[in-house]
Amino acid sequence: MKGDGKCKGTPFEDPEYDADFETRIESVFTEDGVELKLKRYVNEGAQPVLLVHGFLANGYCFDLPYKDHNMALYLAEHEYDVWIASFRGCGREPYRCETKNWNHSVDHLAALDAPAFVRGITRSTGKRPVWVGHSMGGMVLYMYLQGTRLEQSNRDFHVVSDPDLAAEHNRSILGGITIGSPPAFYSGGKEWPEVMLGMPFSKTLTGWMIQYLRWGNRFFPRLSLEGVPGVADSFPRVARILAAKGPFAASFYNIENVYPDVGYSLLKWTGDSVSTRMMAQILAMSRDCDLKDYYRRHNYTQRMGLITAPLFFISGSEDLAGPENIRIYGYEKVSSELKEFKLYPGYGHTDLVMGKRVAEEVFPDILSWIRNLPHLED
């Protein structure tokens, strides 16, 4: 991309961006019977790479219709077998994923969706995938690698870290890359998290909000950004202005590091749903800083040492997740023999996957790290 804000000479999106590749809809099924659909850029026999999205998003964050801002295309062009996931209840047709209800937490994604993704890809390809997770997609990876399983008790559930299952899950992937994925929130963050945590009575207000969400789960179990794409379609000029300078955009990326058209596409394609339980669980990190289960009884932050798989931790200097959170409580805590942390100056949160220069600055590092993983299957 050049400095005129346009992409590859096209005024806006390229509808034929993936025409040079064979793509396929792949389905995997969770232990509780939910069908999850993935978009696959097919390179039969090649090393599979699984791309997993973050909070209030779907798999399109890796697959926007701009070649120079599309990690899935970049990896497919370099002859990897790329699988783009969306969690239960998320995704856009024809990749929309089922959900039995909206009563799930992030714990359910780690205990049910994550094993289904990994198991399904391994069964289909005969190879262990590399997991690339953005934001919550990386946090779910931490939880999965800790051997997270759920024990059901009437309408309640308990989270358990099973050491044997942790060892199995760490062996089940070739390696993992987390992008803007904090295992804790002690160092605050950039922009609005830092401001929010510095406000008087912030923990009290956050506590009230969490209690409201827990109470409201009975009446409105689903929270959605699905209306954002419709607004973007109906009012594209307004949406582009918001993508370039609006507070919503500034909450997700460094607006100086994102072309307005690409930011517009992010708003248009990736806004999606979460459960009320998920919202309460993520919000609780800003109150007591540790990543815990929905009921705040199980501490994932304290169990990062169970992780032994190779991991590459990526953050930006302007990342709302706070790069020190990722370095100190992720990179320094895991037991992985092969691990790396890299900070990208000037990058925010989501622009680590779709910013102005990702194809020159971020994607090549991801590619190099995957290529250098040991024990690549033949």
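Values in this text are rule-based calculations from the coordinates and carry no lab data. Because the structure is predicted, anything quoted here is derived from the model rather than measured. Counting neighbours? That spans all protein chains shown, and the Cβs are built from the backbone with ideal geometry, glycine included.
The order of 282, 177, going from fewest to most other C-beta atoms within 10 Å of their C-beta, is 282, 177. Summarising the amide proton neighbourhood of residue 294: residues at separation of 5 or more, or on other chains, whose placed amide H is nearer than 5 Å comprise 107. Inter-label distance, residue 211 to residue 299: 2.4 nm, where each label sits 7 Å from its Cα along the C-beta direction. Counting only GluC sites (Glu not before Pro) that DSSP places in a loop and that have at most 15 other Cβ atoms within 10 Å, the longest clean stretch of the chain runs over 99-225. A value for Rg/Rh (Cα atoms, Kirkwood Rh) was derived from the coordinates, and within the list (1) 1.01; (2) 0.93; (3) 0.98 it appears as (2). Counting only DSSP beta bridges whose two residues both lie in the chain, roughly 50 percent are antiparallel. Phi angles across the stretch 63-72 convert, under the Karplus curve 6.51 cos²θ - 1.76 cosθ + 1.60 with θ = phi - 60°, into 3J(HN,Hα) values of 9, 5, x, 9, 4, 7, 9, 10, 5, 4 Hz, Gly and Pro given as x.
Computed from phi, the 3J(HN,Hα) profile of the stretch 286-292 under the Karplus parametrisation 6.51, -1.76, 1.60 (θ = phi - 60°) reads 6, 9, 10, 6, 7, 7, 10 Hz, with x in place of Gly and Pro. So if R0 is 41 Å, what FRET efficiency would residue 93 and residue 186 give, r being the distance between their Cβ atoms, rounded to the nearest 0.05? With a Förster radius of 41 Å, E is 0.55. Put simply, the amide H of residue 132, placed in the peptide plane, has neighbours under 5 Å in 50, 51, 52, 177, leaving out anything fewer than 5 places away on its chain. What separates the Cα centres of the stretch 323-356 and the stretch 42-81 is a distance of 19 Å. Extending 7 Å from the Cα toward the beta-carbon at both residue 164 and residue 225 defines two label points whose distance is 4.1 nm. Distant-in-sequence amide contacts of residue 225, defined by a placed amide H-H separation under 5 Å and a gap of 5 or more residues or a different chain, comprise 272, 273, 274.
With a cut-off of 15 Å between beta carbons, the residues surrounding residue 361 carry a summed charge of -4, where Lys and Arg count +1 and Asp and Glu -1.
Taking R0 as 45 Å, what's the FRET efficiency between residue 338 and residue 238 from their Cβ-Cβ distance, rounded to 0.05? Walk me through the numbers on the way to the answer.
Working: r = 47 Å, r/R0 = 1.04.
Plugging the Cβ-Cβ distance into 1/(1 + (r/R0)^6) gives 0.45.
Panel order for 122, 178, by other beta carbons found within 10 Å of each beta carbon, from fewest to most: 122, 178.
Restricting the trypsin sites (Lys or Arg not before Pro) of the stretch 87-189 to loop positions (DSSP other than H, G, I, E, B) with no more than 10 neighbouring Cβ atoms within 10 Å leaves 155.
Can you compute the label reach from residue 204? Point 7 Å from Cα along the Cβ direction, backbone N cut-off under 20 Å, restricted to the stretch 285-327. Once the point is set 7 Å along Cα→Cβ of residue 204, 285-289 turn out to lie under 20 Å by backbone N, inside the stretch 285-327.
Where does the chain land at 222 nm, in deg cm²/dmol rounded to the nearest 500, when only DSSP H runs of n ≥ 4 count, each adding -39500 (n - 2.57), divided by all residues?
Counting only the DSSP helices, I get -9000 deg cm²/dmol.
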